[in-house]
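**Student:** First the structure, then my questions, so here it is.
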Amino acid sequence: MLDPHRKPHRRRTQRVGEVLGRGEQMARLTSPTPAEIAALRASYGLTQAQIAKLLHTSVRAYQQWEHGDRDMHPAFWDCLRLKLGFQLN
């Protein structure tokens, strides 16, 4: 059942400079969308449990990211892509 008081899904963005306490212009950290998370997993033919194990998190947390109930922190997204062999900019 959907909670009528729940805020709609939004993408989390922060400037790296703000995170580090610096004012310089730097790249933006962006949470992936649920569709991006699901598509990456599907493209490798992995289960939710296998991805959760790669990220050292619970299956439930991963399911919440993939279903849009919770934002995946950009660090988890980068970690997952690194473990799957992506080159990050």
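**Student:** Residue check, Gly85 against (1) open to solvent by less than 60 Å² (accessible area, probe 1.4 Å); (2) assigned to a loop (DSSP other than H, G, I, E, B); (3) modelled with pLDDT of 95 or more, all met but one. Which one?
**Tutor:** The number of the failed condition is (3).
**Student:** Further question: Between a residue in region 51-63 that is under 15 Å from His73 (Cβ atoms) and touching a residue at least 24 places away in the same chain (Cβ under 8 Å) and any residue that is open to solvent by less than 60 Å² (accessible area, probe 1.4 Å) and charged (D, E, K, R), which pairs come within a Cβ distance under 7 Å, given they are 6 or more apart or on different chains?
**Tutor:** Correct list of pairs: Ile51/Arg41.
**Student:** Output the residues belonging to region 46-82 that are open to solvent by 50 Å² or more (accessible area, probe 1.4 Å), closer than 19 Å to Ala35 by Cβ and in a loop (DSSP other than H, G, I, E, B).
**Tutor:** Thr47, Asp69, Arg70, His73
**Student:** Given Ala75, Ala61, Ala49, which one is under 16 Å from Leu29 (Cα atoms) and of a type outside the set (Asp, Glu)?
**Tutor:** Values: Ala61 fails: under 16 Å from Leu29 (Cα atoms); Ala49 fails: under 16 Å from Leu29 (Cα atoms).
That would be Ala75, the only listed residue that is under 16 Å from Leu29 (Cα atoms) and of a type outside the set (Asp, Glu).
The values are calculated or read from the model by the stated rules, or taken from the named source; none is laboratory data. Note that the structure is a prediction, hence the values are computed from the model and not measured. Cβ sites come from the backbone with ideal geometry, for glycine too, and all protein chains shown count toward neighbours. Side chains included, ligands, DNA and RNA excluded: accessible areas come from the protein's heavy atoms. Shrake-Rupley method; radii C 1.70, N 1.55, O 1.52, S 1.80 Å.
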